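Every number here is computed from the coordinates shown, using simple stated rules; none is lab data. All figures in this text were calculated on a predicted structure; none of them were measured in a lab. Here the Cβ positions follow ideal geometry from the backbone for every residue, glycine too, while neighbour counts run over all protein chains shown.
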Amino acid sequence: MLLGGCGETEPDTVKAALVISGGPILTMEGDTPSYAEAVLVRDGKIAFVGSEAEAKRQAGSGAELKDLAGKVMLPGFIDPHSHFMDSLTMSDRVNVSAPPVGPASTPDEIVAVLRNPL
């Protein structure tokens, strides 16, 4: 016996495009800072950086518009440095930091950690 069924399929969730404009947008493209008029974001990713007119054209009529109201938009900055060598020298130390870094929230807890460091 072969059974088949027709079920409703959920529609694809389509995020509206977002056009950000209305303030200086620093791109950091090239050797010197440069600025753009607008950024187009589609599906959570930057799809276009350039003129406001072109960003709106590419976004389409249903786009959400975000006005920076003269505020500056900067790229995300990532600080990739670490203190790896410092972590090696700290392996024999007792952690008496407060949560979430360490277990000690009160003076009594600090004393308990110092008495039983492991």
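Calculate the FRET efficiency for Arg93 and Arg57 from the Cβ-Cβ distance with a Förster distance of 41 Å, rounded to the nearest 0.05. If you can, show how the numbers build up before the last one.
Numbers: r = 59 Å, r/R0 = 1.44.
Once the sixth-power term is evaluated, E becomes 0.10.
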Inter-probe distance in nm under a simple model that places probes 7 Å from Cα toward Cβ, at Arg115 and Lys66: 5.3
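I'm checking a number: the convex hull volume of the Cα atoms of segment 18-67, normalised per residue, in Å³. What is it? The partial results should precede the final answer.
On the way: hull volume 3.4 nm³, N = 50.
For segment 18-67, the hull spanned by Cα atoms encloses 68 Å³ per residue.
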